[in-house]
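The values are calculated or read from the model by the stated rules, or taken from the named source; none is laboratory data. This one's a predicted model, so the numbers in the text were calculated from it and none came from an experiment. Neighbour counts are summed over all protein chains in view; Cβ atoms, including those assigned to glycine, are modelled from backbone coordinates with ideal geometry.
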Amino acid sequence: MKQINVFDTHHQLLLSHRLKLSSITLLACYPLFLIADISLYRSLDNPNYVIPLALVHLIGMLMSACYLLFFKSVHSRFLSVSYIGLYIAQGAFSSFNSFQQEGNMYAYLIILLACASLLPIQPVIYALLAGIAHIMLLGGLFYFHPGAVSLIMLINFTGGLVVSVVINLSFYHYLRKDYSSQVQLEEEKRNFKSLFFANPQPVVLICLDSENIILYNKQAGHFFGINPQTVSSFSLNSFFPDKKEQEALLGKLKNEVKIENYITHNLVHHANWMMLNFELLSYNKKDALLISVTDVTSFKRIEKELQEHASRDVLTGVFNRRAGIQFIEDLLQQGKDPFCLCFVDVNNLKRVNDEHGHNEGDQLIQLIASTITLTLTEDEYLFRHGGDEFIILLPQTVRQQAEEFLVKLHEKLTRLNDSKIKVYPIAASFGIHDYAPGSTLTVTEMIEIADQEMYKSKQQLKEAQFQ
């Protein structure tokens, strides 16, 4: 009931507005009509036709002027209905006058069709006004010209009335349906905004045409640093400066409409990671992109810690075999730069375990690993291959540079022995394999070559000690 009352108010305002425009148009045209009337009066021998026609135009001009003068102060519904009824009656009288001179009633039909299509009158009221005018017109014709109205003419004019009623009914129902759709759209818009601003997560709405932010909630303002002064500087590029990534995402959205759990770096505050959910929708009759954000920085930190833990050797803290193999495979996949593998084997570990216990053997492994780690740069890696074996990965390095690296490492081990930090000698054997771009060797084959070279080095050391 409330929506019906609101529609009636909206309908009356629309009707008054269109009547106002029609009245202004008619007032501008009536002087032309009067000039035409004067010309007709001079050219026709029958003043009984021209004088009523001029009178009709003068009365119409007076009605239009009165409506414009009083439509704000008089009850608008009564004034509008009376005004329309008088104009339909005026059209009927004008057609009656034309029928006497020319035998047609076009003015009446034109006014009926104009009122039905241009003025949103309630169908019942329109049918009542048009029906009364139609009965008066036909009654006048039958009374003053009983033999001039044929059955076909009667059917045609009555059919015109019926057509105008159908047109009025169609337009009125369309208007009502359109208004209901607008009300529903506004209600959905209010509900959307209510949910949008009440969302506990950062949410932004971006227009796809301009790529600018339309709406953002309080949480998005805090998360991205958006405020009324800076909102114009934010756009879709703030989330995706990489055009290729942006185009790929929008292309995927056109097919799927929604994308969930898209992980990316927060480009506004680089310390944060965020998970984005995207959805295409229409807002104010424009294509828009709804982006909801979840801060996953803490989860990414935990994930990184877990990955770090999973890739580290428990005893020494250096990378484990799985992580080390992956590093080598990554370099092989790139295949554009040389690198070296240094196979390391801790000497005399079995004797240390037998004579001093396995705990001391573990300490020896840890000492060798820490000494190698302190010799590495940021771009070089050490991983435990297993037991007392390690592999040093030296990217962008040729054999001579790898040998120089091992000389430095040997000097550090010598200084450890000179410091008498242990009662047993601290030593290791080394083997090198140098990779050159274009090589077809696998990771396993390269490690095997470095292992064999290490074994030769160890045998040479034993022979030298024996001699």
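Of all residues being among the hydrophobic types (A, V, I, L, M, F, W, C) and part of a loop (DSSP other than H, G, I, E, B) in segment 305-349, which is nearest to Thr373 (Cα to Cα)? Just the residue, please.
Per the criteria, the residue is Val318.
Quick check on this structure: which one of Leu138, Leu151 is loosely packed, with under 13 Cβ neighbours inside 10 Å, farther than 30 Å from Ser282 by Cβ and not hydroxyl-bearing (Ser, Thr, Tyr)?
Result: Leu151 is the single residue among Leu138, Leu151 that is loosely packed, with under 13 Cβ neighbours inside 10 Å, farther than 30 Å from Ser282 by Cβ and not hydroxyl-bearing (Ser, Thr, Tyr).
Quick check on segment 365-401: of everything there that is of a type outside the set (S, T, N, Q) and part of a helix (DSSP H, G or I), which residue is nearest to Gln333 (Cα to Cα)?
Among those residues, the one meeting the criterion is Arg399.
Would you check which residues across segment 310-367 are within 18 Å of Thr397 (Cα to Cα), within 52 Å of the chain's Cα centre (by Cα), of a type in the set (Phe, Trp, Tyr) and buried (at least 20 other Cβ atoms within 10 Å of the Cβ) and list them?
Of everything in segment 310-367, just one residue is within 18 Å of Thr397 (Cα to Cα), within 52 Å of the chain's Cα centre (by Cα), of a type in the set (Phe, Trp, Tyr) and buried (at least 20 other Cβ atoms within 10 Å of the Cβ), namely Phe339.
Considering only segment 141-161, state which residues are in a loop (DSSP other than H, G, I, E, B) and either among the charged types (D, E, K, R) or without any contact (Cβ under 8 Å) to a residue 12 or more places away in the chain (or both).
Answer for segment 141-161, where residues must be in a loop (DSSP other than H, G, I, E, B) and either among the charged types (D, E, K, R) or without any contact (Cβ under 8 Å) to a residue 12 or more places away in the chain (or both): Pro146, Gly147, Val149, Ser150.
If you take the residues in segment 391-411 that are buried (at least 18 other Cβ atoms within 10 Å of the Cβ) and touching a Phe, Trp or Tyr at 6+ places or on another chain (Cβ under 7 Å), which one is farthest from Tyr435 (Cα to Cα)?
Here the answer is Leu406.
Determine whether Ser170 is in a helix (DSSP H, G or I), in the same structural domain as Ile51 (by TED's automatic domain parsing) and surrounded by 17 or more Cβ atoms within 10 Å (Cβ to Cβ).
Here the answer is no, as Ser170 does not meet what is asked.
Which one is farthest from the chain's Cα centre (by Cα) among residues in segment 34-83 that are basic (Lys, Arg) and modelled with pLDDT under 75?
In this case the residue turns out to be Arg42.
Select from segment 403-436 the residues that are over 25 Å from Glu360 (Cβ atoms) and either among the aliphatic types (A, V, I, L, M) or touching a helix residue (DSSP H, G or I) at 6+ places or on another chain (Cβ under 9 Å) (or both) and list them in ascending order.
Result: Phe405, Leu406, Val407, Lys408, Gly431, Ile432, His433, Asp434, Tyr435, Ala436.
When the residues of segment 425-446 are filtered to those that are part of a loop (DSSP other than H, G, I, E, B) and of a type in the set (Ser, Thr, Tyr), which remaining residue is surrounded by the fewest Cβ atoms within 10 Å (Cβ to Cβ)?
Out of the qualifying residues, it is Thr440.
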